[in-house]
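To start, the structure under review is shown below, and the notes come after it.
The values are calculated or read from the model by the stated rules, or taken from the named source; none is laboratory data. Bear in mind that the values here come from a model prediction, so they are computed numbers and not experimental data. Note that each Cβ is placed from the backbone with ideal geometry, even for glycine, and that neighbours are counted across all protein chains shown. We work out accessible area using only protein heavy atoms, side chains counted, and drop any ligands, DNA or RNA first. Shrake-Rupley method; radii C 1.70, N 1.55, O 1.52, S 1.80 Å.
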Amino acid sequence: MQIQYKPKRSWLGTILHVEIIKGLSLTLRKLFSRPVTRQYPEEKPEIRRGFRGQHALVRDPQTGTSKCIGCMRCAVVCPSRCIRIRIHKEPATGNRRIIDCYRIEALRCVYCGYCEEVCPVNAIVLTEVFEYSSNDRPSLFFTMEQLLGNWDRFAAQLQGPVDEYVNPFWRPRGLPEHTLPAPKRLPVSREWSGEEQVVGKNWRRHHRPEQS
Ligand code: SF4
Ligand code: SF4
């Protein structure tokens, strides 16, 4: 079935170019009104807590290496299958898992945050860094060294205690405490618990009166 749209036109409107005049008046009005778009990159967006940006692997301050134990949970839960991990077991250390390769293909990531929620030892996090686009595809395949470097840079510019910032992301919300592994029973500030949360729709409702 073919559907045709035929706009109604009056002969007077056609002679007087009413549609063109309407369009020009709209353009003129918008020309002198305040822009609603952000003038990026001159004007940077304000990043709020909970923003999911560039991936990082947390550096263990005691060992100086990643906290990752190679459990594979992040790779299994990732909906876009962008985490690749290769391990081997070391008999000399009681079959401890040794990570041969840990890689994240950032181009395929959908920034769902499942990897950081599922990680039993809080080894992976999505940082606030969002400006890391590139024309070079291989540079968006993050290796373990790059992911540790991402953490070092992010932790260095973080204001306030690191734990206070990242704990809410590592602790899945809505789950009873006893179902969480011990490292995930983390203290979370009031603004991140229950109805105190002001994210998504809630955040917009919360802030709309100030914007108008
Ligand atoms: S944020 Fe989601 S899509 Fe991205 S690496 Fe983690 S689990 Fe995968
Ligand atoms: S879930 Fe955490 S510990 Fe397990 S492989 Fe992923 S980053 Fe490493």
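Within region 86-116, the set of residues being β-branched (Val, Ile, Thr) and surrounded by fewer than 15 Cβ atoms within 10 Å (Cβ to Cβ) comprises Thr93, Ile98, Val110.
Within the option set Pro183, Pro91, Pro138, Pro187, being closer than 18 Å to Gln54 by Cβ and more than 16 Å from ligand 1 (Cβ to nearest atom) holds for one residue only, Pro138. Scanning region 142-155 for residues that are under 19 Å from the mean Cα position of the chain (by Cα) and surrounded by fewer than 15 Cβ atoms within 10 Å (Cβ to Cβ) turns up Thr143, Asp152, Arg153. Within region 99-124, residues that are within 15 Å of Pro138 (Cβ to Cβ) and aliphatic (A, V, I, L, M) have Cβ atoms under 8 Å from residues that are part of a loop (DSSP other than H, G, I, E, B) and within 14 Å of ligand 2 (Cβ to nearest atom) in these pairs: Ile104/Cys82; Ala106/Cys82; Leu107/Cys82, counting only partners at least 6 apart in sequence or on another chain. Elements of the type helices (runs of 4 or more DSSP H) sitting completely within region 1-85 and holding at least 2 residues that are within 16 Å of ligand 1 (Cβ to nearest atom) and either in contact with a strand residue (DSSP E or B) (Cβ under 8 Å, 6 or more places away or on another chain) or open to solvent by 50 Å² or more (accessible area, probe 1.4 Å) (or both): these cover 73-77.
Within region 86-101, being among the β-branched types (Val, Ile, Thr) and not in a strand (DSSP E or B) holds for one residue alone: Thr93.
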